[in-house]
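A.B. asks: One structure, as structure tokens, below. Some questions next.
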Amino acid sequence: MEIIFITSNSGKLKEAQGYFAPMGVKIIQQKIGYPEIQAKELEEVVKFAIEWLKDKIDKPFFIDDSGLFIEALNGFPGVYSAYVFKTLGNEGILKLMAGVKNRKAYFKSVIGYYDGEIHIFKGVVNGRIGYTKRGNLGFGFDPIFIPEGFTKTFAEMTTEEKNKISHRGRALEAFSKWLKENLI
Ligand code: ITT
């Protein structure tokens, strides 16, 4: 079975391919830019994007919208994560967090699959923001995020290790469970 993943992010693609490969599901990347509306919730961003994309693609597809939510920054960068990563980067987040004791943060991933209807799958992982960047695996905010129960950052974990506990791994798990029950 093949499924189209609309994303420009090679890190997300690698994680989805790593997750589905053992199930014999091939993930095909399509890079089609789509509008990401300013909304409070990732779910709204995903639903709007799918409505915009659905008539442009003739096969079932999915998208993944994710964000890093930092408690001491009232959930920032949250739905603005992609823009903030491009502009401030990890260094900028570490500067914003300088002197801040409460390092609690979580990552959330919302996957939207469209097969004539929209199906939403979510995953969250709690953790904390480190004091320095560590590791060179993964992508995005991985070098500054330490998941709960670990001392390593996500950027010090292999794709397989990260997928077992991450927001995306959890959303992919819910998605694959649904696929098994309904399609595969
Ligand atoms: P798409 O083409 O799939 O939209 P994107 O990079 O624009 O790719 P998002 O809109 O979901 O993705 O933005 C989320 C940002 O948060 C992105 O820039 C990443 O840097 C970061 N991010 C998302 N998931 C992450 C993860 O698992 N680890 C580290 N950073 C992550």
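A.B. asks: Would you check if Gly67 is open to solvent by less than 80 Å² (accessible area, probe 1.4 Å), small (Gly, Ala, Ser) and touching a helix residue (DSSP H, G or I) at 6+ places or on another chain (Cβ under 8 Å)? Before you say what the answer is, go through the steps one by one.
C.D. replies: Details: open to solvent by less than 80 Å² (accessible area, probe 1.4 Å): yes; small (Gly, Ala, Ser): yes; touching a helix residue (DSSP H, G or I) at 6+ places or on another chain (Cβ under 8 Å): yes.
Considered against the rule, which asks whether it is open to solvent by less than 80 Å² (accessible area, probe 1.4 Å), small (Gly, Ala, Ser) and touching a helix residue (DSSP H, G or I) at 6+ places or on another chain (Cβ under 8 Å), Gly67 comes out as yes.
A.B. asks: Residue pairs, Cβ under 8 Å, 6 or more apart or interchain, first in the range 8-32 and open to solvent by 80 Å² or more (accessible area, probe 1.4 Å), second in a helix (DSSP H, G or I) and among the hydroxyl-bearing types (Ser, Thr, Tyr). List them.
C.D. replies: Filtered contacts from the range 8-32: Lys14/Thr159.
A.B. asks: Moving to a separate point now. Give, as residue ranges, the strands (runs of 3 or more DSSP E) completely inside the range 73-184 that count at least 1 residues that are closer than 27 Å to Pro35 by Cβ, within 17 Å of the chain's Cα centre (by Cα) and more than 11 Å from the ligand (Cβ to nearest atom).
C.D. replies: Filter on the range 73-184 gives 104-114, 118-129.
A.B. asks: Give the number of residues within the range 101-144 that are aliphatic (A, V, I, L, M) and open to solvent by 30 Å² or more (accessible area, probe 1.4 Å).
C.D. replies: 4
A.B. asks: Somewhere in the range 155-168, is a residue open to solvent by 10 Å² or more (accessible area, probe 1.4 Å), of a type outside the set (Gly, Ala, Ser) and within 19 Å of Ser81 (Cα to Cα)?
C.D. replies: The answer is no; no qualifying residue exists.
A.B. asks: On the basis of being among the charged types (D, E, K, R) and either modelled with pLDDT of 95 or more or in contact with a Gly (Cβ under 9 Å, 6 or more places away or on another chain) (or both), does Lys180 make the cut?
C.D. replies: Taking the combined requirement at face value, the residue does not satisfy it.
One line per residue, one yes/no per condition, for (1) of a type in the set (Phe, Trp, Tyr); (2) farther than 30 Å from Asp55 by Cα:
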| position | (1), (2) |
| --- | --- |
| Lys86 | no, no |
| Val100 | no, yes |
| Lys104 | no, yes |
| Phe141 | yes, yes |
| Phe145 | yes, yes |
| Gly149 | no, yes |
| Ala155 | no, yes |
| Phe175 | yes, no |
| Lys180 | no, no |
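A.B. asks: While we're looking at this one, here's another question. Inside the range 52-61, can you point out the residues that are touching a residue at least 60 places away in the same chain (Cβ under 8 Å) and either of a type in the set (D, E, K, R) or near the ligand (Cβ under 10 Å from one of its atoms) (or both)?
C.D. replies: Lys54
A.B. asks: Assess whether Ala16 counts as being in a helix (DSSP H, G or I), within 12 Å of the ligand (Cβ to nearest atom) and not charged (D, E, K, R). Quick ask: steps written out before the conclusion?
C.D. replies: Values: in a helix (DSSP H, G or I): yes; within 12 Å of the ligand (Cβ to nearest atom): yes; not charged (D, E, K, R): yes.
Considered against the rule, which asks whether it is in a helix (DSSP H, G or I), within 12 Å of the ligand (Cβ to nearest atom) and not charged (D, E, K, R), Ala16 comes out as yes.
The values are calculated or read from the model by the stated rules, or taken from the named source; none is laboratory data. Since we're looking at a predicted model, the values are computed, not measured. With ideal geometry, Cβ positions are generated from the backbone for all residues, glycine too; neighbour counts draw on all protein chains shown. Calculation scope for accessible area: heavy atoms of the full protein, side chains included, ligands and nucleic acids excluded. Shrake-Rupley method; radii C 1.70, N 1.55, O 1.52, S 1.80 Å.
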